[in-house]
Every structure is written in C-alpha cells, then in structure tokens.
Amino acid sequence: GLLCLHALCFLFQHKDAYQAILDGVKGGAKEKRLAAQFIPKFFKHFPELADSAINAQLDLCEDEDVSIRRQAIKELPQFATGDNLPRVADILTQLLQSDDSAEFNLVNNALLSIFKMDAKGTLGGLFSQILQGEDIVRERAIKFLSTKLKTLPEEVMTKEVEEFILTESKKVLEDVTGEEFVLLMKILSGLKSLQTVSGRQQLVELVAEQADLEQTFNPSDPDCVDRLLQCTRQAVPLFSKNVHSTKFVTYFCEHALPNLSSLTTPVEGLDIQLEVLKLLAEMSSFCGDMEKLESNLKKLFDKLLEYMPLPPEEAENGENAGSEEPKLQFSYVECLLYSFHQLGRKLPDFLTAKLNAEKLKDFKIRLQYFARGLQVYIRQLRLALQGKTGEALKTEENKIKVVALKITNNINVLIKDLFHIPPSYKSTVTLSWKPVQKADASQKRASEDTTSSSPPKKASAGPKRDARQIYNPPSGKYSSNLGSFSYGESG
C-alpha cells in the first residue's frame, strides 16, 4: 500500500520514487504485483532508468508466481518505444518457450501488438532469436511467423517489411531442418510481394538451392532422398506456364528415375517409388525447353517399359506357358504415362523417328496387352460401383475403387493417344490424386508480370540441423494403396 501511494504522489517529481518501485521486484508477492503494473505505467517518464526498468520487468516475467509472470508479460508492450522495441521483441520471443498455455497466449498477443507499432523492429527481435537462440525458441519463433504474419493488415505488412522478411529468411535457410524449411517456405509464399511471376521464380530458385540439384545424387542415403522430396514438394505449387519446372524435371529424369528401385526413405510406410513418380508427373505439365529432351524421354520410356509387361507366351494348346500372368501396376503407369505424354508433346516424333521398328513394335504390343487388362478392370470397377451414391461411396473400400477408376480411365485416355499414327498428345487428363478444378490456376497466372528477378545468393546445402527432423506423410493414400493389381482371368 505504501509503495502504491508513494508512486502516485511523488512519481512525476522524484526519480527516487520510481526507483523505489523498481526495487519492489525484490519484495514480497504484493510488492511484485504492484511493481508489475507501475513499472510499465510510468516507464516513459524516466528514460534515464529505461534499462533498469526493463530488467526489473524481465525479472518479474521469470517470477515463480504464475500470476505475477502473466501480469508482467501482459504489460511488456508498454516498454516498446523507440530503440527499446527490438529488445522487447527479443525478450518476448524468448518467452515463447513457456509451456503455460495462458502465458504463451499472452506472449503471442504482446508480440502482435508491438508488430502493429513497428513491424520491422519486431521482426528484428524475432529473427535475432531464430538465428542465435535456443532450439525451442527458434522453433516457436518460426511457427509464430508462419501462423501470425498472414493475420496482419496490409498497412503493417508493407513492401519494405516483406523485403526484410525475405532477406532474414535467406540467412535462416542456410541451415535448416526439414520442418523449418517447410514453415519458412509457407511464410515466404504468403508474402504479397512474391505473388508475381518474378516472385514465384525467386522462390523456386531458393528451393532449388536447398535441394542442391548440382550435387551427386545418392539413392541409398535416406537424408539425401528425403531432402529432394521435401524441396520438390515445396516447389510444385509454385510452377505455372510462366514459372517452369525444367530444372527439377531434368534432375528427376537423370538421377531419380534410373535409381528408382534403390531409393531409400526415412519415412516409414511411404511408397518412395510412387511418391517420386507422382511428383515427376505433377511437374511435367510445367516443364519448359529441356536441354537433353530426347535423352530424358528415353529414360522415361525405358522406365515405362518396366511397368508395362509383355503378354505371357502361349503354349500350343493356347494356354499360358508361364506360371502366372504379370501384375499390372496402374498407379505407377499412370504417373509414367502422364509424364511421358507431357514431355512427348515437345518431341512428338520420338516414338516414330527416334525408336527403331523393333522397339516400336515391342512397345505397341505392351500397350495393347496393358489396354486389354485395363478394359477388364474398368468394367469390374464400374460394375462394383454401379448404383452406389452418397454414404455408400464413402466407405474405405469404395473410396479406393473410385480412385482406381480415375487411374484406369486416365491410363486408357493416354494409351489411346499413343496408339494414334503418328502418336497424338492432345488429350487432357487430371491426375487421379488431384482435385478436378474448374479453372486451372496456371491459366490465371498466364497474364501476370513475366519479368524475372535475379536469383538469390547461393545457400549452403541444407536442409541440415539433423537433430530435428520432420515426418512427412505420403500424399494420395488411395493411389498408393493401388500399387499392384492383377486382373485375374482377363486372358
């Protein structure tokens, strides 16, 4: 009570009165609560005691009494004036490590409030801790940015602020874990200034640096494979008719495809081969002029042959001489056929002019055999789904059948194109795991600014920080469950 009265009566005339309040942080619980309120309230009147005041409030933020801590944290934004703001932001960022949910929310709210006072200064404190702070603080600071930046109004997120975020993020990207990389790309992809074609191109270059597409690919190194997949997943949404995937598609064709069977992954349960083929298929639509197009088409073609078997030899009585008919792996074939179809448009005479007659004949036989089994399976799927609507289609079994029908229909359309003489590349299909869209986003982007921006400074190999890894569930689980089908008695 005496402390409160002393502060109110003499504060504006006596510096020692404010010092008495600062000394209250060494008192009992009652004095500390009063100090937590009055230190920030009259802080601006005593600039010469600024450091002492901030340090005193910081002591209260670390008090054993949770109610005192919460009160002290709640008042911290009042110290965020002038040159003190980055320091307050730094302190608040460190306080993100709190495991008390109410306290954690107070820190978040305090950071957001000073963001609106000075976004760049606040970011300075956040990035300082991301670059130099403890792992838990770094992790939570990145998560704070990834979730809260998008909630800030445009008058706060100015072009200058966004440029600062990009500059500082590049420093962080020099050494990141997989999870951190994903979150940082989420942050950068949400910046308004990077929504243009040139902005997305800059992001693709950043991802390419992280993927280190110049390095020697080691298919037996799970971390090497995982980094390629992590980076490619971040790049795929950025590609369009104006932002090409050529560099990534080339790398997949030259390094991942030839080593497909020996790829390893740290992610349990992930069909790594199908995951690679799906990413390649998604990127192939946006591939630009490729330097070694014919060579890479040949690699795609050879890999396609591996999944499109020759019909079994028939004995004299017309029955199969082999022990069993080969399985038709529709999910893999959809990806490979689609990729071949997309790149084949750039070299439409590949099948007729670049292959010898014997190889072309062999390919036609495989196509025909596959198409025959395909028709049987399509009929079986349609029959199984006939008359089913609403809830009946939501069972796990029927969901798989619906996706299987999409896969087989896609393959059917693509095979028909390749049966043309000369082959046609005019058909358009939507990959089975992709939602059908009324308007393709890439068409909307076509009219955007096409000016390119200079690539960012070369980053180190990243993602690193091996001690903190992320689990990435496989996408398209229904498709991945359809890795191998046998059409039984189709003949």
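General observations
- Sub-9 Å Cβ pairs linking a first residue in segment 77-103 that is farther than 16 Å from LEU145 by Cβ to a second residue that is of a type in the set (Ser, Thr, Tyr) and crowded, with 22+ Cβ neighbours inside 10 Å, at least 6 apart or interchain, are ALA80/THR122; LEU85/THR122; VAL88/THR122, ordered by first then second residue.
- Per the listing THR265, THR352, the residue uniquely under 28 Å from the mean Cα position of the chain (by Cα) and open to solvent by 20 Å² or more (accessible area, probe 1.4 Å) is THR265.
- Subset of segment 280-312 that is of a type in the set (S, T, N, Q) and open to solvent by 30 Å² or more (accessible area, probe 1.4 Å) - its residue that is farthest from the chain's Cα centre (by Cα): SER295
- Checked against the criterion of being closer than 23 Å to LYS299 by Cβ and crowded, with 16+ Cβ neighbours inside 10 Å, the candidates TYR369, TYR377 yield just one match: TYR369.
- Any chance ALA56 is aliphatic (A, V, I, L, M), at pLDDT below 90, open to solvent by less than 70 Å² (accessible area, probe 1.4 Å) and over 23 Å from LYS148 (Cβ atoms): no
- Members of segment 431-441 that are within 13 Å of HIS341 (Cα to Cα) and modelled with pLDDT under 95: none
- Hits in segment 177-194 (condition: in a loop (DSSP other than H, G, I, E, B) and not β-branched (Val, Ile, Thr)): GLY190, LEU191
- Each residue in segment 135-156 was checked for being open to solvent by 20 Å² or more (accessible area, probe 1.4 Å) and either in a helix (DSSP H, G or I) or modelled with pLDDT of 95 or more (or both), and 9 of them qualify.
- LEU184 being more than 21 Å from VAL267 (Cα to Cα), open to solvent by less than 10 Å² (accessible area, probe 1.4 Å) and not acidic (Asp, Glu): yes
The values are calculated or read from the model by the stated rules, or taken from the named source; none is laboratory data. Note that the structure is predicted; figures quoted are calculated from it, not measured. All Cβ positions, even for glycine, are placed from backbone atoms using ideal geometry, and neighbour counts span all protein chains on display. These accessible areas exclude ligands, DNA and RNA; they are computed on the full protein's heavy atoms, side chains included. Shrake-Rupley method; radii C 1.70, N 1.55, O 1.52, S 1.80 Å.
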